[in-house]
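The values are calculated or read from the model by the stated rules, or taken from the named source; none is laboratory data. Everything numeric in this text was worked out from a predicted model, so none of it was measured. Here the Cβ is made from the backbone with ideal geometry for all residues, glycine too, and neighbour counts use every protein chain on show. Just so you know, the surface numbers come from the protein's heavy atoms only, side chains and all, with ligands and any DNA or RNA stripped out. Shrake-Rupley method; radii C 1.70, N 1.55, O 1.52, S 1.80 Å.
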Amino acid sequence: MDIATIVGLILGIALVLGSIALGGGGLGPFVNVPSMMITIGGSISALLINFPLKNVLGVFGVVRKCFTTQLPSTQDVIERFSELATTARRDGLLALENQLDDIDDPFLVRGLEMVMSGSTKEEVTAILETEVNYVEQRHQTGKKILDATAAAAPAFGMIGTLIGLVQMLRTLDDPSQIGVGMATALLTTLYGALIANLFCIPLAGKLEARSQEEVMIRELMISGLGALVEGLPPRNLRERLQAYLSPSNRDEDQTAEAA
């Protein structure tokens, strides 16, 4: 689980609720069903108009990546390929089959199966690059949906506020209703701002970061699989894959190898 995402959401919600509680009056005045209908329902309606239904329904699976960390680190991938290269150089590529049960990543398993079946480097790269491009496209669609929600929620919040103001102005002959009407009208703006700034915009940013991380790890794996097909020695394979590391991490990796 990604602790940062969970802590951030819990902290944000707690701060908002805490400020409401400290202000007095409780949560009751901040709960208004018609305002929720306009803000949440309007945002969903805009998404259904803007995107295909399957993309809107699939966004939940994409957003899940904001809360889970299933990808190995670059150092772990390099160590894994170094071990695979050692086995392949000593016993041949077919000997890699004995290590498939220890690998949980379906992408890497599929790539190794292609390597063992005698596929060329170009074939392995072409097929796996296509899969990476599809995953990246799916993530971009999820981010677009979150960005669209972040734009629609405040807009519908403003629409709800305008509706509330119109209804309030129709009751100006009763001064006792003006305060209540104004407070109710402003709630939709509050809901829209919270949906956009506490949920959609931060989750879209985290999803983009996760997508970039996953693409880099997949590209690293594709490069390692190509090196296995070429029959590179473990040391040469490691040097090739270290190009994906930052200079500081590269130095740390070389120091660990020397030790």
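Observations
- Positions within region 132-147 being in contact (Cβ under 8 Å) with a residue 60 or more places away in the chain and either closer than 11 Å to GLY226 by Cβ or among the acidic types (Asp, Glu) (or both), in sequence order: GLU136
- Checking PHE60, PHE156 one by one, the residue that is assigned to a helix (DSSP H, G or I) and touching a helix residue (DSSP H, G or I) at 6+ places or on another chain (Cβ under 7 Å) is PHE156 and no other.
- Some residue of region 121-129 being closer than 21 Å to GLN242 by Cα and outside any helix (DSSP H, G or I): no
- Single residue of region 100-120 satisfying the filter (without any contact (Cβ under 8 Å) to a residue 24 or more places away in the chain and part of a helix (DSSP H, G or I)) that is nearest to ALA204 (Cα to Cα): PRO106
- Taken over region 166-203, the criterion of being within 19 Å of ILE38 (Cβ to Cβ) and charged (D, E, K, R) is satisfied by ARG170 alone.
For every residue, the table says whether it meets (1) within 30 Å of LEU186 (Cα to Cα); (2) at pLDDT 95 or above.
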position: LEU100; (1), (2): no, no
position: PRO106; (1), (2): no, no
position: VAL109; (1), (2): no, no
position: SER119; (1), (2): no, no
position: ASP147; (1), (2): yes, yes
position: GLY160; (1), (2): yes, no
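- Any hit, region 196-215, residues being open to solvent by less than 40 Å² (accessible area, probe 1.4 Å) and acidic (Asp, Glu): yes
- Between ARG110, ARG80, ARG138, the distinction of being within 19 Å of PRO233 (Cβ to Cβ) and open to solvent by 60 Å² or more (accessible area, probe 1.4 Å) belongs to ARG80 only.
- Flag set for THR149, criterion: of a type in the set (Ser, Thr, Tyr), assigned to a helix (DSSP H, G or I) and surrounded by 21 or more Cβ atoms within 10 Å (Cβ to Cβ).
- Total residues in region 175-223, condition within 23 Å of ALA153 (Cα to Cα) and of a type in the set (S, T, N, Q): 4
- Being farther than 17 Å from GLN140 by Cα, at pLDDT 90 or above and surrounded by 17 or more Cβ atoms within 10 Å (Cβ to Cβ) is a condition met by at least one residue of region 45-68.
- Filter pass, LEU96 being over 30 Å from ILE44 (Cβ atoms) and open to solvent by less than 30 Å² (accessible area, probe 1.4 Å): yes
- Residues of region 187-220 classified as of a type in the set (Val, Ile, Thr) and farther than 30 Å from PRO29 by Cβ, total: 2
- Yes/no for GLY142 being under 30 Å from VAL7 (Cα atoms), in contact with a Gly (Cβ under 8 Å, 6 or more places away or on another chain), at pLDDT 90 or above and in a helix (DSSP H, G or I): yes
- Scanning region 63-99 for residues that are of a type in the set (Ser, Thr, Tyr) and either part of a helix (DSSP H, G or I) or touching a Lys or Arg at 6+ places or on another chain (Cβ under 6 Å) (or both) yields a count of 4.
- From the options GLY24, GLY41, residue that is outside any helix (DSSP H, G or I), farther than 23 Å from GLU213 by Cβ and open to solvent by less than 50 Å² (accessible area, probe 1.4 Å): GLY24
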